[in-house]
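Q: Here it is, the structure in full.
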Amino acid sequence: MPHYIKKCPECGSINLIFKEEQGEIICRDCGLVIEEKMIDFSHEWREFDSEQAAKSRRSGAPITQTKYDGGLGTSIGSSSDIYKLDQKSKNKFFRLQKWQHRISTAIERNLKLALAELKRVSSYLKLPSSVIEESAGIYRMAVQRGLVRGRSMESVVAGALYAACRRHEVPRTLDELSEASGIDKKEIGRTYRFITRELGIRILPSNPVDYIPRFASALKLNAETQSKAVEILEMAQKAELTSGRGPTGIAAASLYVAALMNNEKRTQREVADVAGVTEVTIRNRYKELLKELKLDTEVKKKNIREE
């Protein structure tokens, strides 16, 4: 109901009803038709073919950060109908199209290339749309602040993606981003720390528990082993064994211990390959968990020998 109609001008009642089908506002008490022939701005749902569907749409695609112009721009000469015109009209449109590309700013040209690369990397990593939107927004802010100058576009894209993954608690390691983008993981880490510091983005430390489902799925471990690994991690966090240690290493070691306890033995090499860490890291974290959490007796009860 329109916000400007507060009460009935005839009886002063506020008991009004809005009938969308008739486009009328009626007073329930005296029956006065206060407003009629109102325009219906709602969506027309009846569609029998693609042409009717296009005509019934009253709005375009939603605004998105993943396009350099937010999805609001119009490209001259992008329709195939241009080839139905005569030669003079076609030449006119081609000239306009050329000038449209020429007058675009340096930031727009940078965003065109960078957002295409961002979509490629995020598709490779199978990231959700919320993370893609967030990372595109971070990259856009970095470009506007001039943080891309002096750095490769690919490293800033990877750093923005890693920051968005951390903010949305979508576990992706620097090794995975390095593999997807072709940039050294040390360079991605440096760029990530630089842009988060300069843009004032506050990111909490990674929780090792977030990595358990992915690692367990890759190692084909059952739900009981996953639950046991989460339980071991919670014990480790209470004992302050996770502080100062890489989340992927401690998560992988917890899964390794849980797999031993549930007779789903996996080698340290298999676990290390999935987590993207070395066997030495797995071995060290494994020994710390057994010693500090007193899990060695429980492992021995399962008649399992330590590697």
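None of the figures in this text is laboratory data; all of them are computed from the coordinates on show. Small disclaimer: the values here were computed from a predicted structure and weren't measured. Here Cβ is always computed from backbone atoms with ideal geometry, including for glycine, and neighbour counts include all displayed protein chains.
Q: How many nm separate the modelled label positions at R190 and E133, each set 7 Å beyond the Cα in the direction of the Cβ?
A: Using points 7 Å along Cα→Cβ, the separation is 3.4 nm.
Q: Follow-up. Take the Cα of E288, step 7 Å along the line toward its Cβ, and report every residue of the stretch 241-259 whose backbone nitrogen sits under 12 Å from that point.
A: Under 12 Å, as judged by backbone N against the label point of E288, lie 241-254 of the stretch 241-259.
Q: What value in Å³ per residue do you get for the convex hull of the alpha-carbon atoms in the stretch 62-102?
A: Working: hull volume 2.8 nm³, N = 41.
With only Cα atoms used, the stretch 62-102 gives 68 Å³ per residue.
Q: Mind listing P(r) for the stretch 182-227? All alpha-carbon pairs, 10 Å bins, whole percents.
A: Going from the shortest bin to the longest, the percentages are 21, 29, 29, 19, 2.
Q: In debye to the nearest 20, how big a dipole does the chain give about its Cα centre with +1 on each Lys and Arg Cβ and -1 on each Asp and Glu Cβ?
A: Numbers: 52 positive and 42 negative charges, 273 e Å.
Value, rounded to 20: 1320 debye.
Q: On full extension of the chain, what length is gained from F93 through N263, given 0.36 nm per residue of separation minus the C-alpha to C-alpha distance?
A: Details: separation 170, 0.36 × 170 = 61.20 nm, distance 7.00 nm.
54.2 nm is the gain from fully extending F93 to N263.
Q: Once the piece of chain linking T64 and D273 is laid out straight, how much longer is it, given 0.36 nm per residue of separation minus the C-alpha distance between them?
A: Values: separation 209, 0.36 × 209 = 75.24 nm, distance 3.66 nm.
Here the segment from T64 to D273 would lengthen by 71.6 nm.
Q: Give me the number: length gained by fully extending K126 to R145, i.e. 0.36 nm times residue separation minus the C-alpha to C-alpha distance, one decimal in nm.
A: Values: separation 19, 0.36 × 19 = 6.84 nm, distance 2.87 nm.
Once the chain is fully extended between K126 and R145, it gains 4.0 nm.
Q: Rounding to the nearest 20 debye, state how big the charge dipole of the stretch 62-102 is about its Cα centre with +1 on each Lys and Arg Cβ and -1 on each Asp and Glu Cβ. The partial results should precede the final answer.
A: On the way: 8 positive and 3 negative charges, 51 e Å.
With only Lys, Arg, Asp and Glu charged at Cβ, the dipole is about 240 debye.
Q: Another question about this same structure. From the P(r) of the stretch 208-301, could you give the percentage of C-alpha pairs in the tail past 15 Å? Numbers along the way, then the final one.
A: Values: 2229 of 4371 pairs.
Counting pairs separated by more than 15 Å, the tail of P(r) holds 51 percent.
Q: Whole-Hz ³J(HN,Hα) for each residue in the stretch 106-119, computed from phi via Karplus 6.51 cos²θ - 1.76 cosθ + 1.60 with θ = phi - 60°, x for glycine and proline: what do you get?
A: For the stretch 106-119, the Karplus-derived couplings read 5, 5, 5, 5, 5, 5, 4, 6, 5, 6, 5, 5, 4, 5 Hz, x marking Gly and Pro.
Q: If you don't mind, there's one more thing I want to ask. Which one of T74, N91, P62 has its Cα pushed farthest toward the positive end of the charge dipole of the stretch 62-102, where Lys and Arg give +1 and Asp and Glu give -1 at the Cβ?
A: N91
Q: Now for a separate question. When the helices in the chain are scored as -39500 (n - 2.57) per DSSP H run of 4 or longer and the sum is shared across all residues, what 222 nm value do you end up with, to the nearest 500 deg cm²/dmol? Walk me through the numbers on the way to the answer.
A: On the way: 13 runs with 164 residues, N = 307.
For the chain, the value works out to -17000 deg cm²/dmol.
Q: Under a 10 Å cutoff between Cα atoms, tell me which one of L221, L96, L72 has the largest fluctuation in the Gaussian network model of the chain.
A: Maximum among the listed residues: L96.
Q: Based on the alpha-carbon set only, what is the convex hull volume of the chain divided per residue, in Å³? Spell out each step's value before the answer.
A: Working: hull volume 83.5 nm³, N = 307.
Here the figure is 272 Å³ per residue.
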